[in-house]
Structure formats: structure tokens, C-alpha cells
Amino acid sequence: MNALPPAPPIRLGPAQLLPDPSGALWWPEQATLIVADLHLEKGSSFARRGTLLPPYDTAATLTRLAALAERFRPARIVALGDSFHDRDAAERLDPADQQRLAALVGSCDWIWIAGNHDPAPGPALGGTILAEGSVLAGLTLRHEAEFEPAGHELSGHYHPKASLSVHGRQLTCRCFMADARRVILPAFGAYAGGLSIRDPALRRLFPASFTAYLTGTRRVSAIPSAHLLGGSADQPALDLPRQRW
């Protein structure tokens with residue numbers, strides 16, 4: 001079986017969106033880079049509760065985001081909520097990380113969408129804070145997807161991940177979930193976990209078929225939901241050959 005070709009653009013309403021292996025979406029017509037669930041300072045949040053994690057998650061996340069900004073040169077960056085892991089996370093930023101984030105925010109038209117972890121994100125870092133349901137060029141921006149969206153919707157919140165068989169072994173990847181009404185982005189943050197696409201919370205949002213755009217280190221692969229592990233009993237899961245993801 002041949003390796004899967006690169007994922008095509010995601011068509012959502014008026015937009016053609018390019019899924020990136022990093023978990024970001026690039027919207028060429030709007031020169032807009034979209035990310036979800038950075039969860040900055042998750043490590044320090046856990047440390048305050050006695051669970052010690054290496055305190056490098058914010059730096060790692062910002063390094064990846066800065067590399068994307070350098071590559072795409074966006075006129076606008078949209079952060080779809082939970083950019084910070086809790087209400088006080090922005091105050092715990094290391095000075096170097098704060099400077100790097102402020103430089104990113106100041107480099108373009110930066111939009112913060114409020115999330116459940118950070119209802120008032122980045123108050124001292126610049127940018128524009130928008131409530132859920134704000135519309136950008138025909139797409140509705142949300143942190144958490146609506147059950148019945150009125151229009152075409154971009155959101156995060158659920159940190160979707162999917163599993164498939166690769167040379168007889170199970171591979172689990174962060175993924176985008178997309179159908180004709182909505183796209184849910186994977187979490188971008190270094191310490192953000194994942195929720196299976198088969199979880200009831202996501203099944204209710206995608207009761208019919210959808211496409212999962214699985215992110216690897218080098219590529220994104222689009223796979224119909226029925227072919228993923230745990231999919232339809234009428235469709236066997238794909239067993240892909242080994243390849244450099």
C-alpha cells in the first residue's frame with residue numbers, strides 16, 4: 001500500500017484552510033494563523049498543586065509558535081481559548097517567556113478568544129480579546145463548539161486525538177476534526193493532553209461521518225472517520241505501512 005498523499009485543504013464555508021503538522025491552521029486568503037489550547041504555564045500550575053513537571057512547557061510552546069510565525073508571516077494570529085492554563089498563569093510567566101509572547105502579540109493583529117481556563121486572557125500582553133461567537137470573514141470563532149452551530153465554526157477545547165494501525169501497531173496522533181459545519185483544532189500546547197475522537201462528547205458533535213486530519217512530525221494525513229480504530233464495523237481500519245510522519 002502506498003503512503004497517503006499530503007492532506008488537501010479543509011473547505012469550510014467560504015474558507016480553504018491548510019492544516020499544519022504543528023496543529024495550527026493556516027488561512028491563506030486572510031493571512032491568518034489559528035491555534036487552540038496553548039495552555040501556557042500548565043507545568044507551573046501543576047507544581048503549585050504538588051505535581052512536579054519539567055517547567056519548560058511554555059518555552060517549548062512559544063518556540064513552536066514563533067517558528068510558525070516566522071514561516072507564515074501572518075497578518076493575524078487567532079488563539080481559540082485556553083491560551084493560559086489558569087486565571088493567574090500570565091502572571092507566572094518567566095520574564096524571558098513574557099517578552100517572547102509580547103513580541104509575538106505585537107508582531108501582528110493578535111486575537112484572543114476567551115476560554116474556560118482563561119476567561120480574560122493576556123490582559124497586559126496586548127492584542128484584542130473577543131468573546132465566543134465572534135465572526136471573522138464568514139467563520140465563527142469559538143473556544144468550545146456549539147451543538148448546532150448557526151454558521152461555519154472553528155473551535156478548540158476538546159484536544160482531539162485519533163488512532164490508526166501502522167504496520168500492525170497502534171499509532172495515536174493529535175488531529176483536526178472536520179465536516180461541512182465545523183473544524184475542531186488539536187491542542188497546540190506542549191503539555192496538553194488529548195481526548196479520543198470516539199469519546200461521547202465528540203461523537204455528539206459529529207454524529208455522522210467526518211474527516212480526521214492526523215498530525216505527524218512532517219505531514220498531515222486526512223482519513224475518513226470510518227477507517228480509524230474504533231470506527232464503523234462496516235469499514236475496516238486502515239493498516240498503513242511505516243512512513244516518516
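The values are calculated or read from the model by the stated rules, or taken from the named source; none is laboratory data. Since the structure is predicted, the reported quantities are computational estimates derived from the model, not experimental observations. Cβ atoms come from the backbone with ideal geometry, glycine included; neighbour counts cover every protein chain shown. SASA here: full protein model, heavy atoms, side chains in, ligands and nucleic acids out. Shrake-Rupley method; radii C 1.70, N 1.55, O 1.52, S 1.80 Å.
Identify, please: which residue in segment 121-141 is within 19 Å of the chain's Cα centre (by Cα) and within 21 Å of A90 (Cα to Cα) and is, among those, modelled with the lowest pLDDT?
The residue in question is G122.
Examine segment 49-68 for a residue that is within 27 Å of G138 (Cα to Cα), of a type in the set (K, R) and at pLDDT 90 or above, and state whether such a residue exists.
no
Can you say whether L240 is modelled with pLDDT under 95, of a type outside the set (S, T, N, Q), open to solvent by less than 10 Å² (accessible area, probe 1.4 Å) and out of contact with any Cys (no Cβ under 6 Å at 6 or more places or on another chain), as far as the supplied structure shows?
yes
Being touching a helix residue (DSSP H, G or I) at 6+ places or on another chain (Cβ under 6 Å), modelled with pLDDT of 90 or more and part of a loop (DSSP other than H, G, I, E, B) is true for just one of S232, S209. Which residue is that?
S209
Considering each of D37, D118, D86, D109 in turn, give the residue that is farther than 20 Å from G138 by Cβ and at pLDDT 90 or above.
Every option except D37 fails the conditions.
With the checklist (1) under 15 Å from the mean Cα position of the chain (by Cα); (2) surrounded by fewer than 20 Cβ atoms within 10 Å (Cβ to Cβ); (3) charged (D, E, K, R) in hand, flag the one item D86 doesn't pass.
Unmet condition: (1).
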